[in-house]
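Notes for the one structure printed next.
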Amino acid sequence: AAEPPPTSAPSDGPPTPWGADDARSYVAWNPRLNPRDRAHLAPIVTPAHPTMNSSYNVGEPQLRAIRDELRLGVDATRRVDRLAAELFGDAAADDDAGADDDASTARAQRLRAAWRDLFGPSNFFQAHRHYVQIDVVATDDDTLRRWFAWCESRLRGLVVALDTPGFVKARPHATFIEHHDASRRTIRSFFVGLSFETHVQHIDLTPCVRDFSLRVNNWEHLTNDMDLELDHVLNDQLPDWVWRHQEEACFPATTAAHHRAAEPAASGADEADEGANADEDLGDDDDDDEEEDRRGGPKTRTTTRLKRRIRGGLPECSSWEEAASSSWVREAFTTSSAKDAARVAVESDALGALQRRLGLTDAELKMVVLKVPSVGRDYHSAVEPSLSALERRLKLNSKADLKRLALARKSFLAWDYDTVVAPRLAKLQRRLLLSDEELRKIVLSTPKLTLGYSHDTLVAPRLDALQTRLDFSIPELRRLILSKPQLLGLSYEHNLEPSLDALQDRLALSVTQLQKVVLGFPGVLGLSQEANVLPSLDALADLLDLSDVELADLVVRLPSIMGYSFEANLQPKLAFLQHELGLSSRELREKVLILPAILGYSLENRYARRIAQCKAAGKPLRLVLDRITLTDDQFCRLLASAKAGTRHVGSTTAADAAETKSPTTPRSSSSSGGSSSKSSSAAAAASSGSSGSTRRPRGRRPRGSSSS
């Protein structure tokens with residue numbers, strides 16, 4: 001039957017539960033449309049619509065373990081089939097020949113041993129030398145149940161990260177083991193077996209464990225009575241409760257009862273069965289012995305049965321002899337070291353090509369492989385075409401730019417460019433009316449957001465909400481995002497909207513004023529209003545004795561002030577100016593209100609340097625604030641022209657030039673309780689006029705007057 005067409009665009013996240021109300025909008029599993037579905041290794045799809053993959057968590061390590069166990073089952077079943085044919089097919093011939101019953105008894109014992117091997121326990125804890133032990137600990141059963149469910153859901157990521165093609169093979173244990181520690185706390189333990197390739201001498205798996213710990217500890221319901229422990233243990237260091245668990249889990253109850261009823265009472269018979277079983281093992285595994293002799297390692301069942309791949313479907317066979325002659329059985333279950341070595345060599349060559357293509361170091365290449373294990377296998381067929389298409393789309397002229405994108409969002413190497421990356425870039429460009437150069441700028445500055453976030457489900461809703469809240473036009477929204485592309489990564493409900501509400505409520509800003517503040521300083525949306533912005537503004541208002549209206553006017557005229565630390569920036573700067581220039585608190589307040597940009601200049605690079613220049617030239621220090629808008633070159637020429645007795649081109653009035661000629665002008669004129677001469681007022685007015693502020697009349701300012 002044909003697959004039903006999808007009702008919406010493919011989702012970028014894992015499947016989510018659905019109900020009757022939103023069943024129509026649920027995206028069905030479809031590898032032709034959804035690249036994430038295409039990457040599933042062992043899909044088992046539900047028959048009802050909307051279809052979904054019930055084996056979503058099966059990764060490369062789990063699939064390899066399934067194939068290994070299937071091969072072991074095939075080997076054991078072949079042996080049972082052969083021994084049964086020997087026992088029952090030759091029974092009539094033995095009776096006619098009058099043979100002794102000893103031969104039939106021996107064959108029956110071997111058959112019983114073969115059945116026991118088929119249903120026997122796993123050799124997981126004997127097959128590996130190295131293990132990663134993950135202990136999930138909690139104080140009570142209910143807490144352990146919730147904590148264990150969360151850790152188990154994140155365990156797949158650890159196994160996939162530990163499994164590195166060509167270096168490490170990771171195999172998780174099928175079940176957890178529950179036990180108690182000395183304080184009677186209940187602990188549930190996972191084990192992951194590690195097998196290293198023969199050429200690996202040293203490998204650091206700390207980043208994998210650290211990333212897993214960070215993901216687990218980011219749980220919002222984490223409490224102090226929950227704990228997680230990871231440890232590296234060797235085979236001979238496994239605790240005793242591991243072996244007790246293996247003994248208890250050998251057979252199910254019904255199977256164990258069946259075997260107890262079928263076993264002979266004499267202990268000697270058991271010994272004979274075991275001896276026969278051992279003989280049969282030695283007879284069937286001669287090739288395995290030779291392989292282990294060449295490797296120089298102990299003979300185990302798992303080490304010689306790795307990297308089997310099933311290609312094609314399971315044919316219908318009337319007997320295991322017919323199945324053994326089928327091509328799919330020979331390809332899937334026959335040891336082929338040459339084929340494995342060739343595949344590893346091809347993947348190694350592909351990884352080398354990727355390293356040269358992006359200019360990666362060995363450590364960076366390792367990080368990429370740990371994040372995207374299939375990059376070597378799919379390099380020539382998928383990765384390289386996607387990199388070339390992205391390079392052409394963004395017009396990347398430098399290998400460093402492409403490398404930066406790949407390292408910032410490594411998972412995009414596994415995505416299809418035409419179905420995932422290209423639509424996201426096109427939608428973002430159309431939404432903000434970006435040019436190709438502007439799109440390139442945004443992608444290079446925030447590759448994780450632009451390449452990794454779904455436009456329909458994350459980016460577009462945030463842009464729509466932000467545009468509606470601030471009443472922005474599209475050009476204004478484009479200007480905001482170009483100034484601060486990181487805003488695309490902030491949640492509107494949890495970050496942007498609370499910041500806008502807190503800022504508008506505190507300063508009583510209108511929508512127009514809020515627009516000007518956000519466009520003037522977009523970074524304010526990424527700051528914590530309660531912890532950073534509002535406390536600094538309150539402290540500044542207390543220091544300068546500003547009303548709410550004056551504070552709001554100050555913020556609107558200088559939005560970047562919200563990004564300054566009061567303790568580390570504003571307070572030391574104002575204290576320095578007041579001390580060096582001999583300003584009273586009222587004079588300092590008035591100067592800040594006249595020209596808020598005073599708060600934006602650097603203390604070391606602007607104020608301290610110019611005060612030192614004025615002192616060296618014997619000029620009045622008030623020039624530092626009166627001519628604060630001049631560049632360094634203009635200020636130096638001003639001092640030089642004043643020393644030579646000529647008017648500076650940047651001066652505004654003759655009174656200003658007269659003041660600069662007089663090296664003995666007293667500094668106390670600027671600190672006489674708020675009064676000042678006409679010339680100094682004119683200088684201040686000229687200075688404020690040159691900075692774009694409203695020109696104020698000459699003469700004394702009445703006490704208590706406000707410049708706002």
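The values are calculated or read from the model by the stated rules, or taken from the named source; none is laboratory data. All values derive from a computational prediction rather than experimental measurement. Note that each Cβ is placed from the backbone with ideal geometry, even for glycine, and that neighbours are counted across all protein chains shown. Heavy atoms of the whole protein, side chains included, go into the accessibility calculation; ligands, DNA and RNA do not. Shrake-Rupley method; radii C 1.70, N 1.55, O 1.52, S 1.80 Å.
What to note about this one:
- The numbered conditions (1) open to solvent by 30 Å² or more (accessible area, probe 1.4 Å); (2) within 28 Å of Leu509 (Cβ to Cβ) are all true for Lys573 except (1).
- Annotation for region 177-190: no member residue is surrounded by fewer than 12 Cβ atoms within 10 Å (Cβ to Cβ), assigned to a loop (DSSP other than H, G, I, E, B), in contact with a helix residue (DSSP H, G or I) (Cβ under 9 Å, 6 or more places away or on another chain) and modelled with pLDDT under 85.
- All of (1) modelled with pLDDT under 85; (2) in a helix (DSSP H, G or I); (3) in contact with a strand residue (DSSP E or B) (Cβ under 8 Å, 6 or more places away or on another chain); (4) open to solvent by less than 40 Å² (accessible area, probe 1.4 Å) hold for Thr255 with one exception: (3).
- Close pairs from region 499-517: first more than 14 Å from Ser560 (Cα to Cα) and touching a residue at least 40 places away in the same chain (Cβ under 8 Å), partner part of a loop (DSSP other than H, G, I, E, B) and open to solvent by 20 Å² or more (accessible area, probe 1.4 Å), Cβ under 9 Å, at least 6 apart: Val511/Asp471
- Filter pass, Ala1 being over 30 Å from Leu194 (Cβ atoms), modelled with pLDDT under 85, of a type in the set (Gly, Ala, Ser) and open to solvent by less than 40 Å² (accessible area, probe 1.4 Å): no
- Annotation: Leu214 fulfils all but one of (1) closer than 27 Å to His245 by Cβ; (2) open to solvent by 70 Å² or more (accessible area, probe 1.4 Å); the unmet one is (1).
- Hits in region 491-513 - residues which are over 15 Å from Leu527 (Cβ atoms) and of a type in the set (A, V, I, L, M): Ala508, Leu509, Val511
- Single residue of region 398-431 satisfying the filter (of a type in the set (Phe, Trp, Tyr) and within 17 Å of the chain's Cα centre (by Cα)) that is least open to solvent (accessible area, probe 1.4 Å): Phe412
- Residue within region 137-153 that is hydrophobic (A, V, I, L, M, F, W, C) and under 30 Å from Leu87 (Cβ atoms) present: no
- Condition check for Lys395: among the charged types (D, E, K, R) and surrounded by fewer than 14 Cβ atoms within 10 Å (Cβ to Cβ): yes
- Pairs where the first residue, in region 539-563, is farther than 15 Å from Gln504 by Cα and the second is basic (Lys, Arg) and open to solvent by 10 Å² or more (accessible area, probe 1.4 Å), C-beta under 6 Å, 6+ apart: Leu544/Arg589
- Unique match (being farther than 23 Å from Leu365 by Cβ and not hydroxyl-bearing (Ser, Thr, Tyr)) among Asp416, Asp436, Asp401, Asp378: Asp436
- If you go through region 82-102 and keep only what is open to solvent by 50 Å² or more (accessible area, probe 1.4 Å) and at pLDDT 75 or above, you end up with Arg82, Ala85, Glu86, Phe88.
Results for (1) more than 22 Å from Gln578 (Cα to Cα); (2) surrounded by fewer than 18 Cβ atoms within 10 Å (Cβ to Cβ); (3) in contact with an Asp or Glu (Cβ under 7 Å, 6 or more places away or on another chain), shown as yes or no for each residue.
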site: Val517; (1), (2), (3): yes, no, no
site: Gly526; (1), (2), (3): yes, yes, no
site: Leu543; (1), (2), (3): no, yes, no
site: Ile561; (1), (2), (3): no, no, no
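- Residues considered: Ser337, Ser374. Of these, the only one that is among the small types (Gly, Ala, Ser), over 22 Å from the mean Cα position of the chain (by Cα), surrounded by fewer than 20 Cβ atoms within 10 Å (Cβ to Cβ) and modelled with pLDDT under 85 is Ser337.
- In region 502-551, of all residues being under 24 Å from Leu490 (Cα atoms) and among the charged types (D, E, K, R), the one that is nearest to the chain's Cα centre (by Cα) corresponds to Glu530.
- Taken over region 582-596, the residue count meeting the criterion of being surrounded by fewer than 17 Cβ atoms within 10 Å (Cβ to Cβ) and either touching a His at 6+ places or on another chain (Cβ under 8 Å) or in a helix (DSSP H, G or I) (or both) is 2.
- Residues that are assigned to a loop (DSSP other than H, G, I, E, B) and over 24 Å from Ser547 (Cβ atoms), drawn from region 481-526: Lys484, Leu490, Ser491
- From the list Leu434, Leu444, the lone residue that is out of contact with any Pro (no Cβ under 7 Å at 6 or more places or on another chain), open to solvent by 10 Å² or more (accessible area, probe 1.4 Å), part of a loop (DSSP other than H, G, I, E, B) and under 30 Å from Lys516 (Cβ atoms) is Leu434.
- Yes/no for Gly157 being assigned to a strand (DSSP E or B), in contact with a Lys or Arg (Cβ under 9 Å, 6 or more places away or on another chain) and among the small types (Gly, Ala, Ser): no
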